[in-house]
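The values are calculated or read from the model by the stated rules, or taken from the named source; none is laboratory data. This structure is a prediction, so every number in the text was calculated from the model and none was measured. All Cβ positions, glycine included, derive from the backbone under ideal geometry; neighbour counts span all protein chains shown. The accessibility values were calculated without ligands, DNA or RNA, using every heavy atom of the protein model including side chains. Shrake-Rupley method; radii C 1.70, N 1.55, O 1.52, S 1.80 Å.
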Amino acid sequence: MKMKKYMLGIITGVAIFLLAACGSDPRKEFTNAFLNSKGDEYNAASFEMKIKDLEYDGDEGGAYVKMFASQLKDMSIDGKYAIDEKTDAMEMEITANLFGEKLPFQFVGDKDKYFMSTSFVSGMLDIANSFNYPIELSKSDLNKLKGKYIDIAEAGDTLTSGELDKKANPLKNKTFTNAEDSKMGREMKKLIESFDKKSFTQDKDVVTHTFTKKEIIKMLEKIDEVAKEDKDYKKSGDAKEMKDAIKSLKNDLDKMDIKISINKKTKALDMEMVLAATDEDDAKMSIVMTMAVTPQKNSGKIKMPSKKEIISQDELEAILSNITGAATDDSELDLEDDSIDYSDLKDDPEIQKLMDEQLDAMIKQIEANPSAVTEENAKEAREGAKEIFNEEQMKKLNDALDKALKGGAI
């Protein structure tokens, strides 16, 4: 299953969620409700995202996916943000609740630069330890990160490359800001109000519409059409990404519905997104995600980090390079922990199919690099594998390791 289909769907869904915020006809009630939620009345919001359901009926890795799906249902993301339209400043706090631990992220920025707090490091260590992978960072190193920020643009290609200016993001001022006044906002409003009137409902103060896959494609095509008027958009990679996104949405997703409800008085927005796809092996997967946004008023000034509070990417990497395995003794870590019972896995046909695939991959690696196999790492591999592999699998692994140690071909 290609998870990029779902990532595309989730990103598109969040974009449509924001656009819908960009209309006596329930269609106009719907679009007007969002437009009126902007401005001086509300300049901040709290939000929460959850995986409501995840189903997979495929055979390949099925047990693993189903186990992961059950864990996802206990995960959530919540946070808040505030915007100062006068200074173009923004601050956001996000907390990912994963496996019983909290992973915090904090961002602050203006029209020129964006920064990320280093507070995520302690959360990352907590999650690693929750998986019985004991790692630690000294108190002195943690103190060096306390209250510090890194420049996102400096943090590497995985976050961004270059300055976060208008040329680097030609859609910024066209799509999600000044929706009431921009051509993009006017065109999107006109398009939404052209959709089937019966699909828009109103219950007291709440107006609701479910965007279908067909409507979402039309919205993306309209964004592309208006954005092409900007020469920077044509030159950037955004145009190709948009084209690829539309193509993938048409061909890769069987279903994409986004239900959005807006309270005209409180301006609270709720979204439920349903995605479904079928992979090349005809395995079906579906996901239901919810998001809730509650507008708020923020009167506090957004504070940008001072020079003393900013550390370089090199400084951060130097500190993270000091992460070590936590020291343990026999009383802290039982290498023969009887509380972890793998015996059921050896009788599960779905798990065994997955184990066979992992074993084949291991043997191919051994075959490709026999000189990398030493007595020491071969012993470690055997000790670790015997807990999860059955007798037949262990025989194959032992034969592969023995032949590699003798310098023979497998």
**OP:** Work out from phi, with θ = phi - 60° and the Karplus expression 6.51 cos²θ - 1.76 cosθ + 1.60, the ³J(HN,Hα) of each residue of segment 194-201, listed in order in whole Hz, and give x for Gly and Pro.
**Re:** 8, 6, 3, 4, 5, 7, 9, 10
Original post:
Under a 1.4 Å probe, what is the accessible area of segment 177-303 per residue, stated in Å²?
Top reply: 54 Å²
Original post:
Length gain on complete extension for the stretch GLU375 to ASP57, per 0.36 nm per residue less the alpha carbon to alpha carbon distance?
Top reply: 110.3 nm
Subject >> Relative contact order, percent, segment 184-270 [alpha-carbon distance under 8 Å, six or more residues apart] >> reply: 37 percent
Subject >> Per-peptide average of other Cβ atoms within 10 Å, ordering 241-248, 371-378, 262-269 highest first >> reply: 262-269, 241-248, 371-378
**OP:** For ALA368 and LYS353, calculate 0.36 nm times their separation in residues minus their Cα-Cα distance, and state this gained length in nm to one decimal.
**Re:** 3.1 nm
Subject >> Cα-Cα over 18 Å, subset of LYS50/LYS73; LYS183/LYS265; LYS144/LYS301; LYS28/LYS264 >> reply: LYS183/LYS265; LYS144/LYS301
Original post:
Tell me, in nm to one decimal, what length is gained between VAL288 and LYS255 on full extension, where the rule is 0.36 nm per residue of separation less the Cα-Cα distance?
Top reply: 10.8 nm
Subject >> Accessible surface of segment 204-252 [probe 1.4 Å, protein heavy atoms]: carbon and sulfur percent >> reply: 48 percent
